1. Among the residues of segment 73-84, which ones are closer than 16 Å to Ala103 by Cβ and in contact (Cβ under 8 Å) with a residue 24 or more places away in the chain?
2. Mind listing just one residue for me: the one in segment 245-276 that is modelled with pLDDT under 95 and surrounded by fewer than 22 Cβ atoms within 10 Å (Cβ to Cβ) and, of those, nearest to Thr314 (Cα to Cα)?
3. Restricting to segment 28-54, what's the tally of residues that are hydrophobic (A, V, I, L, M, F, W, C), over 23 Å from Ala284 (Cβ atoms) and under 15 Å from the mean Cα position of the chain (by Cα)?
4. What are the residues in segment 202-211 that are touching a Leu at 6+ places or on another chain (Cβ under 8 Å) and surrounded by fewer than 18 Cβ atoms within 10 Å (Cβ to Cβ), if any?
5. Using the structure shown, decide if Ile197 is surrounded by fewer than 21 Cβ atoms within 10 Å (Cβ to Cβ), in contact with a Phe, Trp or Tyr (Cβ under 7 Å, 6 or more places away or on another chain), modelled with pLDDT of 95 or more and aliphatic (A, V, I, L, M).
6. Quick check: is even one residue across segment 224-245 of a type in the set (D, E, K, R) and touching a Ser or Thr at 6+ places or on another chain (Cβ under 6 Å)?
7. Of a type outside the set (Ser, Thr, Tyr), surrounded by 17 or more Cβ atoms within 10 Å (Cβ to Cβ) and modelled with pLDDT under 95, is that true of Arg107?
Amino acid sequence: MEKEQLVRHDWTKEELLAIYNQPLMGLVYRAASVHRLWHHPEEVQVATLLSVKTGGCPEDCSYCGQAARYHTDIKVQALLPTDTVLAHARKAKENGASRFCMAAAWREVRDNRDFDRIIDMVKGVNELGLEVCCTLGMLTENQAKRLQEAGLYAYNHNLDTSADYYNEVISTRKFDNRINTIDNVRKAGLTVCSGGIIGLGETVDDRISMLLTLATMEKHPESVPINALARVKGTPLENNPKVEIWEMVRMIATARIAMPASMVRLSSGRIEMSEVEQAWCFMAGANSIFAGELQTLLVTPNPGLNDDIQMLHTLGLRPMSKE
Ligand code: SF4
């Protein structure tokens, strides 16, 4: 039997809840065992994320400092020139990144000159030999196809949280809009990057529902980012309690067990984690991180690339090269 056929798509919520809630040491041991079966345990994908258009977003995601309606310290930045983006991509490659992600704070992609410029950026980064990923908001099938033809490898579109809790976090779009965009990305033959955020005020049940949606997709997302809420001053969630490390470890381990072939990405929130805490996340099956020369993850602080490479070295890990 092909290994891929061993991946399950028929998980139940009860099964995933039982995994999430099992005693921590047993959970991490099980997740680490799955990780070793499916991935090289010493390799960590280092992805760089650049905000190519920052702030001024019409959406109301209550965790996001880029929403125009919240009074945050974030400086609005129009779409960057293509040359500037390519210079960042070149530097990221020199520093050991194998994936370059470009993010624009848009509600949705429009068929205009800005999208044409994104297409040029995708072509340019692809020619540098990096895996190119974009996160640009909602996308039609045709737009996804144009991106695919330009050399895009992956499209990020997070579910954020459960279908039931979604309206508590965002009112300007629906959970089903997320699913539609993911479907369009799949139809265009792109790989999918989709995960969520914990610390939004959701229950464990919501967290598991979100993972269940991903783990019961016909094809699991190739990348699953697990974010801890970055509490941005001026957003409605700025005073939410800090996400405890063991909650992150449980989420990562559950994602690893439910979607064994996927890259599980330790994403936002790393700045508040010690190296020891991050090591627990790697042990629980995380095998991808975001790193950036600008020491930011979009608009929130993030460890710098050099610090990350040093941390990987200390832990006996190494950056994965592009296949
Ligand atoms: S998360 Fe994205 S869509 Fe939501 S407000 Fe921020 S930039 Fe806009």
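The values are calculated or read from the model by the stated rules, or taken from the named source; none is laboratory data. Note that this is a predicted model, so its numbers are computed, not measured. Here the Cβ positions follow ideal geometry from the backbone for every residue, glycine too, while neighbour counts run over all protein chains shown.
1. Within segment 73-84, Ile74, Gln77, Ala78, Leu79, Leu80, Thr82 qualify.
2. Per the stated criteria, the residue is Glu275.
3. So the answer is 1.
4. Selection gives Val204, Asp205.
5. Details: surrounded by fewer than 21 Cβ atoms within 10 Å (Cβ to Cβ): no; in contact with a Phe, Trp or Tyr (Cβ under 7 Å, 6 or more places away or on another chain): yes; modelled with pLDDT of 95 or more: yes; aliphatic (A, V, I, L, M): yes.
Answer is no for this residue.
6. no
7. Working: of a type outside the set (Ser, Thr, Tyr): yes; surrounded by 17 or more Cβ atoms within 10 Å (Cβ to Cβ): no; modelled with pLDDT under 95: yes.
When the stated conditions are applied, Arg107 does not pass them.
Here's the yes/no breakdown for (1) over 20 Å from the mean Cα position of the chain (by Cα); (2) in contact (Cβ under 8 Å) with a residue 24 or more places away in the chain:
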| site | (1), (2) |
| --- | --- |
| Glu15 | yes, no |
| Gly56 | yes, yes |
| Tyr63 | no, yes |
| Ala68 | yes, no |
